[in-house]
Amino acid sequence: MLPLWLPPYDTVHAIQAGIHWDAICLPQQVGLATLAVLDITPPGPGPTIWDTRRDPRLYLLTPVTDRPDLTGTPGRHLTHGSHLAVPGPELLTPPGLHWIVPPTPDALNRLNDLATVVNAIRRALGASWVTHRIPGQPDREILATHSQIHGTACINCSTDGTTLRPAGHVYTPALGGCGYAVTACTPCLDGALQ
Ligand SMILES: [Zn+2]
């Protein structure tokens, strides 16, 4: 059973914010970087709309809440008094308005945790894309924070409260051929990075 606020099929309805959810609106570039951070932050991103039309933006749905602290970020909070164009469940691909992260079929009312989103925006703003290279493994493009690039936080999960061991290097266009030595925690070295 679909939530009552979700428009049917491939239609788009203007739905009032502040009733079933609020939304955090982000410019496309920051929004995509925020999603990349949420992708590696359990439980992962919740329902997110991508409007690829003129002035492209992402809208992350969050619980109805008091005003979140978005100072220093380009984020805008949409709540009572705002309407949001919401795509139906079949609109899953660009161009136009679609779900980049659709509502989860077995948890249709699950939303993004607000504090997690705000942290992810702040992290995305302080992070940059780098190429992570471990000998014998394929390169991967990752979003890394200052601490990760300088080896004081795990390059995979960003933890800094544990023993960190060498985990290859990261390269950015700005560094040319020189890389920074980076580190990873034991669970990441034993799992995802092996
Ligand atoms: Zn780790």
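None of the figures in this text is laboratory data; all of them are computed from the coordinates on show. The structure presented is a predicted model; accordingly, all values stated were derived computationally and were not measured. Positions of Cβ are generated from backbone atoms using ideal geometry, with glycine treated the same way; all protein chains shown enter the neighbour counts.
Please express the shape of the range 126-190 as an equivalent ellipsoid: the semi-axes are the square roots of 5 times the eigenvalues of the C-alpha gyration tensor, given largest first in whole angstrom. Each step should come with its number before you reach the end.
Working: eigenvalues 63, 36, 18 Å².
Listed largest to smallest, the semi-axes of the range 126-190 are 18, 13, 9 Å.
Hey, what number do you get for the chain at 222 nm if only DSSP H runs of n ≥ 4 count, each worth -39500 (n - 2.57), divided across all residues, to the nearest 500? Can you show the working numbers first?
Values: 4 runs with 33 residues, N = 194.
Only helices count here, giving -4500 deg cm²/dmol.
Can you check what the net charge comes to around residue 98, using other residues whose Cβ is under 13 Å from the Cβ of residue 98 (Lys, Arg +1; Asp, Glu -1)? Working shown, then result.
Numbers: positive: 53, 57; negative: 10, 51, 90.
Around residue 98, the charge tally is -1.
What does the charge add up to near residue 2, with Lys and Arg as +1, Asp and Glu as -1, over the other residues with Cβ less than 14 Å from its Cβ?
Values: positive: 110; negative: 10, 90, 106.
Residues close to residue 2 contribute a combined charge of -2.
If each Cα of the range 12-123 is one equal point scatterer, what is log10 of I(q)/I(0) from the Debye formula at q = 0.12, 0.13 Å⁻¹?
Taking Cα atoms of the range 12-123 as identical point scatterers yields -0.35, -0.42.
Let me check I've understood the local charge: for residue 57, count other residues with C-beta under 11 angstrom from its C-beta, Lys and Arg +1, Asp and Glu -1. What total comes out? If you can, show how the numbers build up before the last one.
Working: positive: 53, 54, 76; negative: 51, 55.
In short, +1.
Output ³J(HN,Hα) for the range 102-107: one whole-Hz value per residue in order, computed from phi by the Karplus curve 6.51 cos²θ - 1.76 cosθ + 1.60 with θ = phi - 60°, and x for Gly and Pro.
3J(HN,Hα) across the range 102-107, in whole Hz: x, x, 6, x, 8, 8.
Ratio of the chain's C-alpha Rg to 2.2 N^0.38 Å, to two decimals?
Details: Rg = 18.6 Å, N = 194, 2.2 N^0.38 = 16.3 Å.
Its radius of gyration relative to the 2.2 N^0.38 Å reference: 1.14.
Which of the chymotrypsin sites (Phe, Trp or Tyr not before Pro) found in the range 1-32 are loop residues per DSSP with 14 or fewer other Cβ atoms within 10 Å of their Cβ? Could the numbers behind the result be given before it?
Details: sites: 5, 9, 21; in loops: 5, 9, 21.
Loop-located and lightly packed - 9.
What trypsin sites (Lys or Arg not before Pro) in the range 44-78 are in a loop by DSSP, with at most 13 other Cβ atoms within 10 Å of the Cβ?
When the trypsin sites (Lys or Arg not before Pro) of the range 44-78 are filtered for loop state and at most 13 Cβ neighbours within 10 Å, 53, 54 remain.
Please label the shape of the range 27-69 as rounded, prolate or oblate, based on the square roots a ≥ b ≥ c of the eigenvalues of the alpha-carbon gyration tensor (a/c under 1.5 means rounded; beyond that, a/b larger than b/c means prolate, else oblate).
On the way: a/c = 1.91, a/b = 1.19, b/c = 1.61.
Oblate.
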